[in-house]
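In what follows, a single structure is set out as C-alpha cells and then discussed.
The values are calculated or read from the model by the stated rules, or taken from the named source; none is laboratory data. Predicted model, so just to flag it, every value in this text is computed and none were measured. Reconstructed Cβ throughout: ideal geometry from the backbone, glycine too, with neighbour counts over all protein chains shown.
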Amino acid sequence: MTMLAGQGLREQAAGQAARLRARPARPSVATLALSVLLGVVVLVALAGPLMAPHSESEVVALPYEGSAGWFGTDYLGRDVLSRILHGGRPIILIPVIATALSTLVGAVLGVAAAALRRDDVIMRAIDIFAVIPAILVALVLFHRFGAQAWVLTLAVVISSIPFTTRFARSAAYPILSSGYIEQARMIGEPLPAILVRDVLPNLVRPVLADAGLRFIGAIYLVAAAGFLGFGPPPPSTDWGSMISENIGGAGLNPWGVIAPSLMVLLLTIPTNLLADRFARRVAG
Amino acid sequence: MTTGLSYVAMRMASAIATLFVVSVILFAAVDLLPGDPAQQILGVNATPERIEEVRRQLNLDDPAPVRYGRWMWGLLQGDLGESVRTGGPVEQIVGRPALNTAILVVVGFGAIVAVALVLSALSGIREGSRLSNVVSLGALGALSVPEFIVAGILIAVVGLELGWLPAVSLVPIGGTPLDRPVILVLPVISLAIVGGAFGARLIRAAVADAARMPHVEAARLSGVPEGRVILRHILPAAIPPTAQVLAFLVPFLVGGAVVIERIFAYPGLGSLLVDRVSLRDAPVIEAVGLLQAAAVILAFQAADVVGFLASPHRRTAP
C-alpha cells in the first residue's frame, strides 16, 4: 500500500511544472471566472435562508407540481427553490470544518512519521484505517450518535486522515532530507525548532493544495450521506438529501432532482478546477 | 535481495495481520451500535424475564473480549455465526449479495480500466495538444461529479423520461445479475464515469513520470529506437505505479457500490449493509465489513506483488 490518491495528483502536478513555469504569475481569466462562480455558489449557500421565498417546511402546492415557483414542488409539495436555498449550509460548512481538522491531524501525524522515522508504527496504523470501509464507519456512527452535524464531520475526518497523513508524509520527506535541514541538525538545532522554522513553512503550500482535493472528497461524502438518509433531521435538508427525497417523482418534476444535483456540481466542479490549478502552481 | 516467493509470503503474512486488526476494530465498532438485540427481536411488549432468557441464549451478557474470541474461533473454522435478527446462518444471508456485488465490482472495474486506458492514451499521445487538453479538462470535470449524481441523472433521464434502460435493478429470483445484464448498464456507467476519470489522470501521470526517468533518456541517447524505448523502458517502469492506481480503484468501488446499489435497489452487499446496520444485526454487519476490508487488502497486496515482480531490481517498497 504505497500510494493513495493525493500522491498521484502531486506527481502529475510535477509533470505539468515545466509548462507552467512559462506562465505569467497573475491569475488567468478562467481562474478569475471560476473563483467568482464559486464565490456566488458559496454566498447563495450561506445566505440562502435569508433569500428564500418560503420556509423549508411550508407546503405551497401539490407534490411534484412542476409549474409552481421556479423549480416546482418536492415530494411533499414544498417549494424546491426555497429548500435549495435552505439546504446549502451543511454541505459547505461541514466539509470546510472536516477538511481543516483532517488536514491538521494528517500534517502532524505525517510530519511525525517522516521526522521520527516511525513509519512502521504510524503508517501501519494508517494503512489499517485505510482498509476499513468509510461508509461502514459512517453508518455505525450515525446509528450510535444520530445523524448530527458533528457526527458527519467526525465521519468525514476519520475517512480523510489516511489520505492527509500519507500526503503530508510524502511532502515532508524530501524537505527533511534536504541539505539545509541536515546542516541545521549538524549545528545541533533541536528537532522541534527545525520542524517549526524550516519544515513547516515549506510544507504549507503543498498541504494546502492537497486540502483542496480533500475538500472535494468531503463534499462527496456529505452529499452521499444526505443521499443515504443521514442528512440534517427533517424538515431541514441539504442538497444530497433532496436528490434522494425527490428521485421517486423525477418523472413528474425532474427539477426536484436536477436542481440540487446542479447545485452540488456548481460547487464541486469549480472547486476541483481551482484546486487543480493551485496544486499545479505549487508544484511548479 | 528477496526472492519473489518469500516476498509474496511476507505480503500474505502482512495481509493476514492487517485483517486481524481490522476484525478487532470492526467488532468494537459494531458493539457501539445502540439498542438491545434481544429487546428488538421480542418487541416492546416483552417481559424482562423473557428478554433476559434471550440475552442468555445469544450470549450477550459475556464481556466483549469473550464474545470476540468466540466469534473469531468460529470464523477460523469457517463459521460466520447466525443472524440475530432474521435467524439463519450468516453465510446464506451474505452469499448471494456478495456474489451480486462481486459481479458489479468486477464489471465496473473492467469498464473503469477500459475508460481510463483510452482516456490516458488520448491525452498522453501528444502532451499539450488540443485533444490532450480537452480530454484532461473533461476528466477533471467528470472527477467532480459524484457517482450518485450521475446515477440520479441517468435514472431521471434514461430510466424514467426515455425508458430505455431499467431504473431499478431487479434481479431474477434465484438468478444473478448476469441473467439480465441490462440491469448492470446504468450502475456500471455511474461508477465508470468518475472512476475512469480518476484512473485516467493517475495512469497518465504514472506513464509521464516513467517517461522522464534517467534510464529512458539514456536509452534514447544511446540510439535505441523510439518504439523499443516505449515498450522496453517506459511501459515496464510504469507498471508498478499503475498497479497501485488500479488497486486504489477497489476501495473506491467497494464504497461507491454501497451508494450505487442503494440508488438502483441493486441486491448487493451495500444494500444489505445499510439494512442490517439499522437492524443492528451484528454478525451480518461484521461479515460484510470483513469481506469489504479483505477485498481492499487483497487488492493492495496484489498491487505490491505485481510492482515487485515488475521492477527489474526487485526493490521492496520504500
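Quick test for you: out of B:I93, B:I51, pick the one residue that is at pLDDT below 85, among the β-branched types (V, I, T) and in contact with a helix residue (DSSP H, G or I) (Cβ under 8 Å, 6 or more places away or on another chain). If you could, list the steps in order and put the result at the bottom.
Values: B:I93 fails: at pLDDT below 85.
Being at pLDDT below 85, among the β-branched types (V, I, T) and in contact with a helix residue (DSSP H, G or I) (Cβ under 8 Å, 6 or more places away or on another chain) holds for just one of B:I93, B:I51, which is B:I51.
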Which ones in the range B:10-35 are surrounded by 15 or more Cβ atoms within 10 Å (Cβ to Cβ), closer than 22 Å to B:A287 by Cα and either away from every other protein chain (no Cβ under 14 Å) or not aromatic (F, W, Y) (or both)?
B:S14, B:A15, B:T18, B:L19, B:V21, B:V22, B:S23, B:I25, B:L26, B:A29, B:V30, B:L33
Give the residues of the range A:248-262 that are surrounded by fewer than 24 Cβ atoms within 10 Å (Cβ to Cβ), of a type in the set (A, V, I, L, M) and either more than 10 Å from chain B (Cβ to nearest Cβ) or within 17 Å of B:R262 (Cα to Cα) (or both), sorted by residue number.
A:A250, A:A259
If you go through the range B:173-190, how many residues are of a type outside the set (G, A, S) and outside any helix (DSSP H, G or I)?
3
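Do we find a residue being in a helix (DSSP H, G or I), more than 14 Å from every other protein chain (Cβ to nearest Cβ) and either at pLDDT 85 or above or in contact with a strand residue (DSSP E or B) (Cβ under 8 Å, 6 or more places away or on another chain) (or both) anywhere in the range B:191-200?
Here is the first cut: in the range B:191-200, the residues in a helix (DSSP H, G or I) are B:191-200.
Next, only the ones that are more than 14 Å from every other protein chain (Cβ to nearest Cβ) stay: B:192, B:196.
With either at pLDDT 85 or above or in contact with a strand residue (DSSP E or B) (Cβ under 8 Å, 6 or more places away or on another chain) (or both) added as a condition, the list becomes B:192, B:196.
Yes: the range B:191-200 contains one or more residues that are in a helix (DSSP H, G or I), more than 14 Å from every other protein chain (Cβ to nearest Cβ) and either at pLDDT 85 or above or in contact with a strand residue (DSSP E or B) (Cβ under 8 Å, 6 or more places away or on another chain) (or both).
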Mind checking which residues of the range A:69-79 are touching a strand residue (DSSP E or B) at 6+ places or on another chain (Cβ under 7 Å) and in a loop (DSSP other than H, G, I, E, B)?
A:G69, A:L76, A:G77
Test set (1) hydrophobic (A, V, I, L, M, F, W, C); (2) buried (at least 23 other Cβ atoms within 10 Å of the Cβ); (3) more than 30 Å from B:I297 (Cβ to Cβ) - B:L170 fails condition number
(2)
Can you find, within the range A:213-254, the residue that is farthest from A:A30 (Cα to Cα) among those that are aromatic (F, W, Y) and in contact with a helix residue (DSSP H, G or I) (Cβ under 6 Å, 6 or more places away or on another chain)?
A:F230
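If you go through the range A:201-213 one residue at a time, do you hit one that is out of contact with any Leu (no Cβ under 6 Å at 6 or more places or on another chain), facing chain B (nearest Cβ under 10 Å), at pLDDT below 85 and under 17 Å from A:A168 (Cα atoms)? Step through it out loud before you land on a result.
Filtering the range A:201-213 for residues out of contact with any Leu (no Cβ under 6 Å at 6 or more places or on another chain) gives A:201-213.
Within this subset, residues satisfying the condition of being facing chain B (nearest Cβ under 10 Å) are A:213.
Next cut, at pLDDT below 85 only: A:213.
Cutting the leftovers down to under 17 Å from A:A168 (Cα atoms) gives us A:213.
Yes - at least one qualifying residue is present in the range A:201-213.
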Residue under question is A:G72, and the condition is that it be buried (at least 21 other Cβ atoms within 10 Å of the Cβ) and farther than 30 Å from A:R214 by Cβ; does it hold?
yes
Give just the number: which of (1) surrounded by 15 or more Cβ atoms within 10 Å (Cβ to Cβ); (2) among the hydrophobic types (A, V, I, L, M, F, W, C); (3) more than 25 Å from the chain's Cα centre (by Cα) does B:I112 not satisfy?
(3)
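Scanning for something among the polar types (S, T, N, Q), outside any helix (DSSP H, G or I), out of contact with any Pro (no Cβ under 7 Å at 6 or more places or on another chain) and at pLDDT 80 or above, does the range A:249-257 turn up at least one residue? Let's see the steps before the verdict.
The first filter runs over the range A:249-257 and keeps only residues among the polar types (S, T, N, Q), leaving A:253.
Remaining after also requiring outside any helix (DSSP H, G or I): A:253.
Right, trim to out of contact with any Pro (no Cβ under 7 Å at 6 or more places or on another chain) and you get A:253.
This time we only want the ones that are at pLDDT 80 or above, so: A:253.
Yes, there is a match, as at least one residue in the range A:249-257 is among the polar types (S, T, N, Q), outside any helix (DSSP H, G or I), out of contact with any Pro (no Cβ under 7 Å at 6 or more places or on another chain) and at pLDDT 80 or above.
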Can you tell me which residue among A:I128, A:I91 is in a helix (DSSP H, G or I), over 25 Å from A:R205 (Cβ atoms) and either outside the structural domain of A:A218 (by TED's automatic domain parsing) or in contact with an Asp or Glu (Cβ under 7 Å, 6 or more places away or on another chain) (or both)?
A:I91
Go through the range B:260-272 and give me each residue that's within 10 Å of chain A (Cβ to nearest Cβ) and surrounded by fewer than 24 Cβ atoms within 10 Å (Cβ to Cβ).
B:R262
With free of Cβ contacts under 8 Å to residues at least 24 places away in the same chain, outside the structural domain of A:G72 (by TED's automatic domain parsing) and part of a helix (DSSP H, G or I) as the only criterion, which of A:V151, A:V222 stands out?
A:V151
Just for the range B:119-134: of the residues that are more than 10 Å from chain A (Cβ to nearest Cβ) and in contact (Cβ under 8 Å) with a residue 40 or more places away in the chain, which one is surrounded by the most Cβ atoms within 10 Å (Cβ to Cβ)?
B:S120
Residue list for the range A:201-244, filter: farther than 12 Å from A:I92 by Cα and hydroxyl-bearing (S, T, Y):
A:S236, A:T237, A:S241, A:S244
Out of the residues in the range A:166-203 meeting the condition of being acidic (D, E) and without any contact (Cβ under 8 Å) to a residue 12 or more places away in the chain, tell me which one is surrounded by the fewest Cβ atoms within 10 Å (Cβ to Cβ).
A:E182
In the set B:A46, B:A151, the lone residue that is small (G, A, S), surrounded by 15 or more Cβ atoms within 10 Å (Cβ to Cβ) and in a helix (DSSP H, G or I) is B:A151
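Report whether or not B:R201 is touching a residue at least 40 places away in the same chain (Cβ under 8 Å) and over 18 Å from the mean Cα position of the chain (by Cα).
Against the criterion (touching a residue at least 40 places away in the same chain (Cβ under 8 Å) and over 18 Å from the mean Cα position of the chain (by Cα)), B:R201 qualifies.
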For residues that are more than 11 Å from chain B (Cβ to nearest Cβ) and basic (K, R), scanning just the range A:111-165, find the one that is surrounded by the most Cβ atoms within 10 Å (Cβ to Cβ).
A:R118
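So, in the range B:201-216, exactly how many residues are within 11 Å of another protein chain (Cβ to nearest Cβ) and either part of a helix (DSSP H, G or I) or in contact with a Phe, Trp or Tyr (Cβ under 9 Å, 6 or more places away or on another chain) (or both)? Write out each step before concluding.
At the first step, the residues of the range B:201-216 found to be within 11 Å of another protein chain (Cβ to nearest Cβ) are B:201-212.
From what is left, the residues that are either part of a helix (DSSP H, G or I) or in contact with a Phe, Trp or Tyr (Cβ under 9 Å, 6 or more places away or on another chain) (or both) are B:201-211.
Of the residues in the range B:201-216, 11 are within 11 Å of another protein chain (Cβ to nearest Cβ) and either part of a helix (DSSP H, G or I) or in contact with a Phe, Trp or Tyr (Cβ under 9 Å, 6 or more places away or on another chain) (or both).
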Scan B:L309, B:L298, B:L290 and give me the residue that is surrounded by fewer than 22 Cβ atoms within 10 Å (Cβ to Cβ) and closer than 16 Å to B:G95 by Cα.
B:L290
Only one of these conditions is not met by B:A151: (1) at pLDDT below 80; (2) touching a helix residue (DSSP H, G or I) at 6+ places or on another chain (Cβ under 6 Å). Which number is it?
(1)
